1. Could you point to the residue in LEU205, LEU156, ALA186 farthest towards the positive end of the chain's charge dipole, with +1 and -1 charges on the Cβ of Lys/Arg and Asp/Glu respectively?
2. How long, wide and thick is the chain, going by the Cα atoms along their three principal axes, in whole angstroms, largest first?
3. Relative contact order of the chain: what whole-number percent is it, with Cα pairs under 8 angstrom and at least 6 residues apart?
4. For region 15-29, in order, what is each residue's ³J(HN,Hα) by Karplus, 6.51 cos²θ - 1.76 cosθ + 1.60 with θ = phi - 60°, in whole Hz (x at glycine and Pro)?
5. One quarter of the convex hull surface, Cα atoms only: what value does that give for region 18-90 in nm²?
6. So who's got an amide H within less than 5 Å of the one on ALA221, skipping anything under 5 residues away but keeping other chains? H placed 1.01 Å off N, in plane.
7. By average Cβ neighbour count within 10 Å, what is the ranking of 151-157, 194-200 from highest down?
8. Run the dipole for the chain about the Cα centre, Lys and Arg Cβ at +1, Asp and Glu Cβ at -1, nothing else charged, and hand back the magnitude in debye, nearest 20.
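Please treat every number below as a calculation from the coordinates, not as lab data. Nothing here was measured: the structure is a model prediction, and the numbers come from that model. Here the Cβ is made from the backbone with ideal geometry for all residues, glycine too, and neighbour counts use every protein chain on show.
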Amino acid sequence: MGSSWLRRLSSSAPESGSHTLICFPHAGGSVLSFGPLARRVGAGFDILAVQYPGRQDRRDEPLVGNIQELVDELMPALMEELGAVGDFSLFGHSMGSVVAFEVCRRLERESGLMPSVLFASGRRAPSAPQAGGVHLLNDQDLCDQLVRFGGTPTALLADPEFRATILSVVRNDYRAIETYECAPGAVIECPVVALTGDRDPDASLADIEGWRGHTSGSFFATSFPGGHFFIDANCGPIAQLIREHSSQAVSR
């Protein structure tokens, strides 16, 4: 795959007729965060993940601190890839849910392409009020925030070089999501499946119900055991959720 934006996570080349699942990472995250889930989704799916600039193998590229600009830069590579696939769905976690939502809006509006399903994980609805101060925290308070949410080992944050790198990326991504403004009345046509951890401090089951107002298609919401980073501990059930809802949407 020649694009700097997309990485194939499937262990083998896609089969003819595979359902393509495009994954969008959380703030501070990378394609690696979807590795365990990709291994569980199984045959019949081609799993791709978006690699945002400024991290891992794109660490020398400038960070993008605005959701709409991020989508603007991503779309050409995504459109090229989607031109060669059949049915596809989008899966975003946390900030990635909003990026996936804006990508879906752009696809429906500008290309007529509609995902089979938008899976919105660990994120309240795009129009919901969002606290806007995390990207303004000092370094120690931002580290404390990462530890509270999980997903970043405390030992890694103790390493000065890693700490400086991850805080730069996380602060940028929080700035992007905390300054994001959902267009009034923004609605997509494709079905939405919203999921969260039952102990997620930032996205309760009641919070994710708000996604219902952003689709004219079907809607389903559910929760799994865990906090904000609940996916890895629930890869099997979430993979089954993806398979079931993708299949249902395609068969409609």
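1. Farthest towards the positive end: LEU205.
2. Largest first, the chain extends 50, 39, 34 Å along its Cα principal axes.
3. On the way: 460 pairs, mean separation 51.8, N = 252.
RCO, the chain: 21 percent.
4. 7, 4, x, 4, 8, 8, 10, 9, 10, 10, x, 6, 4, x, x
5. Values: hull surface 20.7 nm².
Average projection, Cα convex hull of region 18-90: 5.2 nm².
6. Correct list: ALA194.
7. Details: 151-157: 13.6, 194-200: 22.6.
By packing density, highest mean first, the sequence is 194-200, 151-157.
8. Details: 20 positive and 30 negative charges, 91 e Å.
Roughly 440 debye for the chain.
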